[in-house]
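Presented below is the structure to which this report refers.
The values are calculated or read from the model by the stated rules, or taken from the named source; none is laboratory data. Keep in mind the model is a prediction, meaning the values are calculated, not measured. Cβ sites come from the backbone with ideal geometry, for glycine too, and all protein chains shown count toward neighbours. Remember, those area values only see protein heavy atoms, side chains included, never the ligands or the DNA or RNA. Shrake-Rupley method; radii C 1.70, N 1.55, O 1.52, S 1.80 Å.
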Amino acid sequence: GWGAFLLVPLPPPEESPVALLGAASLSALIVVASAFLPWERLPAGAQALPPLAYFLVIGLLRHAEGGASSGYGALVLLPILWLALYGGRGQLALALVIMFVMLVAPIVAFGEPLYPPSEWRRAFVWAGVGPVIGFSAQHLVREIEHLLAKLHEVARTDALTGVANRRAWDEQLPRELARARRSGAALSVAIIDLDHFKAFNDERGHQAGDELLKSAAAAWAEGVREDDFFARY
């Protein structure tokens, strides 16, 4: 977004200084707000405000550079892409409506020569292309997040018993030890073993041994508290 201001010295030189100053001031305000506001304490929907506010920056930049002839129109993809990656469907839909209003409002308010009637065509083209780009990108992001979460779960689960595996144990134990050191609370670590399991396998076969492991793991998992961690070592 800031890169747009690096192009201001390029032709044409007839910029509107008021619109340009407004765009620069609002852009700086968005950057400061993004960096210093306590976003973690605000409602999650508030995080859509900076990219939505950037539409006004784009509108001011277009007007400062001559209106419809400006090369800044493509910047409308920035807030659309941002909300496609990090926002919800409602926020993205709102951004698409604001984008359309931003393109149409100058045609109605100022008209020719800055915004000729041909700008209606541009507004409706963007109104058609924006949702395709935004919702397609958002769908792909959600699919990737779902697959990564599933992969993370599979990587930490024992395939035979369905309980946490050794990898999950190795990740969880240091965290539990660190928490116990901070709080001073007692921490119990127990290892449960099946006596004569090898002899059971030799006598009844590995399939029966697997069934025994699954049954034992299910029984033990039911016997621990919800906040306890149970894994196959």
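Computed values, structure above
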quantity	calculated
Kirkwood estimate for region 34-108, i.e. one over the average of 1/r between Cα atoms, Å	13.1 Å
Listed residues S188, S215 arranged by accessible area, highest first, probe 1.4 Å	S188, S215
Evaluated at q = 0.09, 0.10, 0.12 Å⁻¹: base-10 log I(q)/I(0), Debye formula over Cα of the chain	-0.62, -0.68, -0.80
DSSP loop GluC sites (Glu not before Pro) with at most 14 other Cβ within 10 Å excluded, longest remaining stretch of the chain	15-225
Helix axis angle, 17-36 relative to the chain longest principal axis, alpha carbon, degrees	10 degrees
Dimensionless Rg over Rh [region 26-158; C-alpha; Kirkwood]	1.09
Heavy-atom accessible surface of the chain: percent carbon and sulfur, 1.4 Å	64 percent
Vicinal HN-Hα couplings computed from phi for region 112-120 (Karplus, 6.51 cos²θ - 1.76 cosθ + 1.60; Hz; Gly/Pro x)	5, x, 5, 10, x, x, 4, 5, 4
Per-residue HN-Hα couplings for region 143-148 [Karplus 6.51, -1.76, 1.60; θ = phi - 60°; Hz; x = Gly/Pro]	4, 5, 4, 5, 5, 5
